Each structure stands twice: as structure tokens, then as C-alpha cells.
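Taking it in order: structure first as C-alpha cells, then the write-up.
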Amino acid sequence: MVRTRFAPSPTGHVHIGNIRAAIYNWLYARRHGGRFLLRIEDTDPERSTPEAVATVHEAMEWLGLQPDEPPMYQSTRRQAHLEAAERLLAAGHAYREDKGGTGRGKCLVFRMPGTDMVFHDEIKGDLRKPAADLRDFVIVRSDGHPVFHLANVVDDIAMGITHVIRGDDHIENTYRHVALFQALGADVPRYAHLPMIVNAKGKPYSKRDGAAYVGDFRDRGFLADALFNYLALLGWSPGDDREILTREEMATCFSFEGVQSSPARFDERKLLWMNGEYMRKMPLEQREAQHIADLRKHGLWRDGDDLAYVRRVLEIMGDRIKLFSDTAAQTIYFFTDNYPVDEKVFQKTLLCEGAVQYLTDLAVRFDTLPEFNAAALETTVRAYAAEHNVKLSRLVHPLRAAVSGTDVGPGLFEMIEVLGRERTRRRIARAIERARAGASPTTDVS
Ligand code: GLU
């Protein structure tokens, strides 16, 4: 039976590259009716604090990557690691050495077989290394501490791991690990080394490039299913052009053939798009509740506020909001007059010739509309453009800036309808005032 494992060293953060390895282990186990296990490699007492270990569990739980058996904690396995080392010593696969001749005790060194080595990687093909580059290495330090390579292999044997799926930064270690499995008389697992995740410049993707840890994405309001889907497809393809797949769909077609061997480029825009897709798939009420939670968090919503109004706002926003946590920022001008004004946009659209006059005239026409709705507003603006022989854009850009303070948002006329006559009048008047104060005489024709 296939048995895979995720074997993180807890550091307080779970990098997306690591969790993607966990996802592939999970998918591979599901695909083959096997088991997905967790081993916490917590032998470094300084980094592996209880909080750091908890971070791993939280990340996995959030992403729905529950292991099929209780986790193994490497720190509890010291005895087994040392016993294995003794066996290697007894069989002549290891020797004691007084490194540096300090006399402070001897470490235990593993004797590499002395032959060229080759192992098959499910993603990268056959990987080989000449004997001359394969040096003996320490497996137990002189202070009695088992080294990573020994612990990793001994525990993989104990857990019955059949497939080791991990980052390709471990390839160099794998030659040593293969030799250890053989010396311990165990079956060598199959290996699949995953290409790393890189930034736009092709360098390893890190905190400096943006959100890099699972917790960052959760805090920014990404949905777990969207991140799971995105990371699964970051370096793996189901073989067709599907991009939105459920876990079950992925599990039925996951294979190493579909994993690319070159680095995978992290693209936050694509992740945002995917998050938006997942938001849209949520039941309406759940989605609304999440948007409202963000509005509430930013003081834009109180219990008892007009639900129908929020619904109208969300409706005309369509799929423009890709993160629940962006709701308030993207819709603030619907809820308060005290919204930020993008100065650049304001200058570009309102301090140019004619803008103040156009707004003044349009405000008058808006005021006399029998029905203040999108269709009537649009007809009015178009008619004005035709009469004055100006391009529609010369009217809609200043209008949008005047009523929302920005140049992005939903359809202008729907937006003005939702804002309503009063607010629109007030905002246009305020914008005109500001433009008059800020405009130079040569550009202000009013
Ligand atoms: N703790 C190691 C790491 O996080 C183990 C890697 C592995 O064997 O999967 O890099």
C-alpha cells in the first residue's frame, strides 16, 4: 500500500513550497488508495517550540490535510535512531571518529559504499553521482545527537513510507539516504523531488516577494480551497486545461508525469483570480456574511443597517472583489462620505479643461430627472456629450472621480443609482469646490 508523508521541521511558519509538498503527498496517497502521514521533525529544541509545532497543525487543518494516522514526533524517537546507529556500527557501515581530535568524544560516521550511485526520481528521471563526490558523513554527533539524515531515514522505515515526495533541495541528501536505507536492510522508497517555487525573476519565492507562508494567505482572507487548488496546479497539470478542480477531482488524476521538472512561478494575480472563482461558488448567504464581516471590521456596518443596500452594492460589484478582506477597501465610498480620494486620479480627471463646467451642468440635469436610475443617468450623460460634442470619456471619468474618489469600480451609472440622488449631488458639489480651489486659471474654464 502507498504510504506518503509530510515531514516538516517546525520553524513557526509553513512556507507555501512546503505545504505544496504536503498537498502532493496527500493527492498521491488518495490517488492510490494509500495513506498520508505526518512526521514532525522537531529535533531542534531552539526552533521547534510548541508554538512552531502548533503552526504546522493549524496550517494543515486549515487546508484540510489531516493525516490518516496520528503524527510521529521525531523528538520522541531518539532511542530508535541511536539503536539504528549501533547496528550500522556493528555491521561495519559506520565507524567512530574523533573529529578534530579534541578528545571530547567521538562522533559516528557513516561509510558510503564507495561506488557510483544512481537513483530514479519519478519527476527528474535517473539521477547519478560518482563515488568521488559521495563522502562519508556524520550520523551521530559527539554529543550523542543523531543527525537529520539518520533520523529521517530511520523514521521513514518505521513509518513504512513507500514514496518520499519533497522539495528538490533534498536531492543531494537523497544519495546518502538511499545508502542508509540499503545499509539498514530496508526497501528504498520511491522518490519524487518537486521543483521549487520561484518569483518573477526566477529566484526562490520568499517572504520578500509577498505572502509566502500559509498563515499570511489565511490572514489576508484567501479561501483554503482556493489556495489548495492554486498550489496543486503550481507545477502540476491534470493533463487538460481545467484549472478549477475539487480535491476529489485532483485526486483521481494526480500523477508524477503531470508534474513539471522546472521551477514553478508564483503568480499572485492568478491566485486572486482563483480565489474570486471560489468566492463565487459559495452559497450566497455565506458569501454575503463574509463580505459583511469585513465591512463590520472596518466600521462600515452595524447590526440593523440596511441589508438590501449592501446586497445592491455587492450585486453591482459583481466579481470585482477577489478577497473578502478587500470588501471594505473596494466599497468604502458606498458607505461613508469620508472615503479616500486618489489625488492623481482627481487631478487627471477634474483639473482638466471643461471638467468643472461639465459636472456643474450634469448636476443640474441629474437633479431634474424624474427617475434617478442607471438608464436615465446614462441617457442624460450621452445626450449632454452629443449636444456639446465631447467624448463620453471626458464626462464619465470626472464624474466617477467626483462620486467615488477613484477610477476603478463597478459600472458608473449603476454606481450613481445606488449612491442615490442626494449623495451624488453632495459629492459633485464638493468635487467642484475642490477642483476650483486646486485648478490653475489656465485649465479651469468655468
Ligand atoms: N524536515 C525536512 C524538511 O522539512 C524533511 C524533508 C523530507 O524528508 O521530506 O526539509
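Could you tell me which numbered condition Ser262 fails, if it satisfies all but one of (1) within 16 Å of the ligand (Cβ to nearest atom); (2) polar (S, T, N, Q); (3) surrounded by fewer than 19 Cβ atoms within 10 Å (Cβ to Cβ); (4) touching a residue at least 40 places away in the same chain (Cβ under 8 Å)?
Only one criterion is unmet by Ser262, namely (1).
Scan the stretch 156-171 residue by residue and report those that are away from the ligand (no atom under 12 Å from the Cβ) and surrounded by fewer than 19 Cβ atoms within 10 Å (Cβ to Cβ). Explain how you work it out, then say what you get.
Step one: filter the stretch 156-171 for residues away from the ligand (no atom under 12 Å from the Cβ), giving 157-158, 160, 162.
Result: Ile157, Ala158, Gly160.
So in the stretch 138-155, with the set limited to residues that are of a type outside the set (S, T, N, Q) and away from the ligand (no atom under 16 Å from the Cβ), which one is surrounded by the fewest Cβ atoms within 10 Å (Cβ to Cβ)?
Top of the filtered list is Asp143.
Output the number of residues of the stretch 196-210 satisfying the condition of being surrounded by 19 or more Cβ atoms within 10 Å (Cβ to Cβ) and either within 15 Å of the ligand (Cβ to nearest atom) or among the β-branched types (Val, Ile, Thr) (or both).
1
So His13 ticks every box in (1) surrounded by 22 or more Cβ atoms within 10 Å (Cβ to Cβ); (2) within 22 Å of Phe266 (Cα to Cα); (3) more than 9 Å from the ligand (Cβ to nearest atom) but one. Which box is left unticked?
Only one criterion is unmet by His13, namely (1).
Might you let me know whether the stretch 35-49 holds any residue that is within 16 Å of the ligand (Cβ to nearest atom) and part of a helix (DSSP H, G or I)?
Checked the stretch 35-49: no residue is within 16 Å of the ligand (Cβ to nearest atom) and part of a helix (DSSP H, G or I).
Please work out which one of (1) out of contact with any Leu (no Cβ under 6 Å at 6 or more places or on another chain); (2) farther than 22 Å from Arg190 by Cα; (3) modelled with pLDDT of 95 or more; (4) away from the ligand (no atom under 16 Å from the Cβ) is the condition Gly103 fails and give its number.
(3)
Would you check which residues across the stretch 99-135 are among the acidic types (Asp, Glu) and in contact (Cβ under 8 Å) with a residue 40 or more places away in the chain and list them? It would help to see each step written out before you state the result.
Residues of the stretch 99-135 among the acidic types (Asp, Glu): 116, 121-122, 126, 133.
Of everything in the stretch 99-135, those that are among the acidic types (Asp, Glu) and in contact (Cβ under 8 Å) with a residue 40 or more places away in the chain turn out to be Asp121, Glu122.
Looking at Val364, Val381, Val356, which is the one that is under 44 Å from the mean Cα position of the chain (by Cα), part of a helix (DSSP H, G or I) and modelled with pLDDT of 95 or more?
Details: Val364 fails: under 44 Å from the mean Cα position of the chain (by Cα); Val356 fails: under 44 Å from the mean Cα position of the chain (by Cα).
None of the other options fit; the residue is Val381.
Among the numbered criteria (1) surrounded by fewer than 16 Cβ atoms within 10 Å (Cβ to Cβ); (2) closer than 30 Å to Lys129 by Cα, which one does Leu89 miss?
(1)
Residue under question is Tyr213, and the condition is that it be closer than 24 Å to Thr4 by Cβ, under 11 Å from the mean Cα position of the chain (by Cα) and at pLDDT 95 or above; does it hold? Give the steps one after another, and end with the answer.
On the way: closer than 24 Å to Thr4 by Cβ: yes; under 11 Å from the mean Cα position of the chain (by Cα): yes; at pLDDT 95 or above: yes.
So Tyr213 passes the test.
Given the structure, is Thr55 surrounded by fewer than 16 Cβ atoms within 10 Å (Cβ to Cβ), of a type in the set (Val, Ile, Thr) and part of a helix (DSSP H, G or I)?
Details: surrounded by fewer than 16 Cβ atoms within 10 Å (Cβ to Cβ): no; of a type in the set (Val, Ile, Thr): yes; part of a helix (DSSP H, G or I): yes.
No: the conditions fail for Thr55.
Which number in (1) in contact with a helix residue (DSSP H, G or I) (Cβ under 9 Å, 6 or more places away or on another chain); (2) not in a loop (DSSP other than H, G, I, E, B) marks the one condition that Val341 misses?
Every listed condition holds for Val341 apart from (2).
For the stretch 172-195: of the residues being within 11 Å of the ligand (Cβ to nearest atom) and either in a helix (DSSP H, G or I) or free of Cβ contacts under 8 Å to residues at least 12 places away in the same chain (or both), which is farthest from Phe36 (Cα to Cα)?
The qualifying residue farthest from Phe36 (Cα to Cα) is Asn173.
The values are calculated or read from the model by the stated rules, or taken from the named source; none is laboratory data. Predicted, not measured: the structure shown is a model, and the values here were computed from it. Every residue, glycine among them, receives a Cβ derived from its backbone with ideal geometry; neighbour counts consider all protein chains shown.
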